[in-house]
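Notes follow the structure.
The values are calculated or read from the model by the stated rules, or taken from the named source; none is laboratory data. Computed from a predicted structure; not experimentally measured. When we count neighbours, we look across all protein chains shown, and the Cβ atoms used for this are built from the backbone with ideal geometry, even at glycine.
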Amino acid sequence: PKQRNTFKPEIAFEAGGEDALVGNVNKLTVTPPGYPGAQRKGHLVFDACFESGNLGRVDYISEFEFDLFIRPDTCNPRFRVWFNFTVENVRETQRVIFNVVNFSKTKSLYRDGMSPVVKSTSRPKWLDLLTITNPERGKKLVFLTSRVHPGESPASFVCQGVIDFLVSQHPVAQVLRDHVIFKIVPMLNPDGVYLGNYRCSLMGFDLNRYWQDPSPWAHPTLHAVKQLIVQMNQDPRVNLEFYIDVHAHSTMLNGFMYGNVFEEEERVRRQAVFPRLLCHNAPDFSLSSTSFNRDTVKAGTGRRFLGGLLDDSSYCYTLEVSFYSYMTAGSTAAVPYTEETYMKLGRNVARTFLDYYKLNTLIKDNRPAHIQRLCLQLNKCLINTTLE
Ligand SMILES: [Zn+2]
């Protein structure tokens, strides 16, 4: 039978009696009552002895259930709402219930579904490279990277939109997975993001200037991604066709792209097709802000470096999205972006690959013949006009 402690926290705290909790638990190992042996895996260790920590006491109910007591505000035990603590020494697959038993509010958003934030630091791996495809067929490969500049958080929402769409049951996503392999590095600069940097990595490097010669110790994420892309490019079974690096822009409006300049005019025209198709799908994407350049200052960027490395039939772009807002064709005022509209741009980027591969007949076009003819005319039109 369970042995519950008869401690009455309400009374003790209100009275400020001698049971009132004053300190936080400090690496407290909670074992079954009367347990004589040494600590073993699964005996939870609670700690709140750190800045902003709060946990006053822990009672063992069973291996799977614990009563937790919030440490009241200092010199004012009426307030018991904030808690913040760590738990270690869990056994794999151990599931536990924590009852916070002395919460002082009778009404709170917990009633409406709010839940505490739980962060695990021991999950096996964080997703540094995602592969999205239907594994049964050999196919074209699209490589996407994002957040090389840590302060450009809109890039993460755009990237999230791409991922959400590609893994969805949307018919366009299903067709894309059948014909294309998407490899996505959602966060190229995790250290910089963790530290709250704006532009640089932990060691102060703007990683988007080191693609030519990244060092494994100074630019490890970049080095690994570059190595993977170089390997894939040498593998005759891999057909790497697109590289897109997602950024956010602090002075421009809308979504837009940067592309490369090539000697062969035909390649230049082919490169303009994807942005044009995207413009058709995404009302916030601006073709007039899209530009193609070979600035020396951008030589170390992913777009420039891979544009030189990959073969003629591949396309490398930087996709930028405004930190703030977009103007659509008929609008008179700029519309501020939201998390949702950033993600929508990502979804539109993903579905533009279907239009691209239909034009290039990789994916069979099942639309009525007259629509197909129209699209073919549009295709010719796209390839035969250069950008303004
Ligand atoms: Zn950037």
Can you list residue pairs whose Cβ atoms sit under 6 Å apart, with the first residue in the stretch 302-320 being within 15 Å of the ligand (Cβ to nearest atom) and the second being at pLDDT below 90 and charged (D, E, K, R)? Count only pairs 6 or more apart in sequence or on different chains.
Arg304/Lys298
All but one of (1) assigned to a helix (DSSP H, G or I); (2) modelled with pLDDT of 95 or more; (3) away from the ligand (no atom under 16 Å from the Cβ) hold for Glu266, so report the exception by its number.
(2)
Which of the residues belonging to the stretch 31-49 are surrounded by fewer than 18 Cβ atoms within 10 Å (Cβ to Cβ), in contact (Cβ under 8 Å) with a residue 24 or more places away in the chain and out of contact with any Ser or Thr (no Cβ under 7 Å at 6 or more places or on another chain)?
Thr31, Pro32, Pro33, Lys41, Gly42, Cys49
Within the stretch 271-388, which helices (runs of 4 or more DSSP H) (wholly inside it) include 1 or more residues that are within 30 Å of Asp235 (Cα to Cα), out of contact with any Gly (no Cβ under 9 Å at 6 or more places or on another chain) and modelled with pLDDT of 90 or more?
273-281, 302-309, 339-359
Can you confirm whether the stretch 244-252 contains a residue that is surrounded by fewer than 20 Cβ atoms within 10 Å (Cβ to Cβ), modelled with pLDDT under 95 and away from the ligand (no atom under 16 Å from the Cβ)?
no
Quick one: is Thr86 in contact with a helix residue (DSSP H, G or I) (Cβ under 7 Å, 6 or more places away or on another chain) and within 30 Å of Tyr194 (Cα to Cα)?
no
Note on the stretch 217-243: residues within 16 Å of the ligand (Cβ to nearest atom) and either within 18 Å of Phe182 (Cα to Cα) or aromatic (Phe, Trp, Tyr) (or both) are Val225, Tyr243
I want to confirm something. Restricting to the stretch 66-85 and keeping residues that are surrounded by fewer than 16 Cβ atoms within 10 Å (Cβ to Cβ) and of a type in the set (Val, Ile, Thr), which single residue is nearest to Thr31 (Cα to Cα)?
Val81
For the stretch 98-117, name all the residues that are aliphatic (A, V, I, L, M), in a loop (DSSP other than H, G, I, E, B) and without any contact (Cβ under 8 Å) to a residue 24 or more places away in the chain.
Met114, Val117
For Ala272, state whether it is crowded, with 18+ Cβ neighbours inside 10 Å and either within 15 Å of the ligand (Cβ to nearest atom) or over 24 Å from Thr338 (Cβ atoms) (or both).
yes
Quick one: which of Asn233, Asn197, Asn208 is polar (S, T, N, Q), outside any helix (DSSP H, G or I) and in contact (Cβ under 8 Å) with a residue 40 or more places away in the chain?
Asn197
Just checking, does the stretch 291-310 include any residue being surrounded by fewer than 22 Cβ atoms within 10 Å (Cβ to Cβ), under 27 Å from Thr338 (Cα atoms) and assigned by TED's automatic domain parsing to the domain that holds Gln160?
yes
For Gly151, all conditions in the list (1) at pLDDT 95 or above; (2) within 16 Å of the ligand (Cβ to nearest atom); (3) more than 16 Å from Thr221 (Cα to Cα) hold save one; what is the number of the exception?
(1)
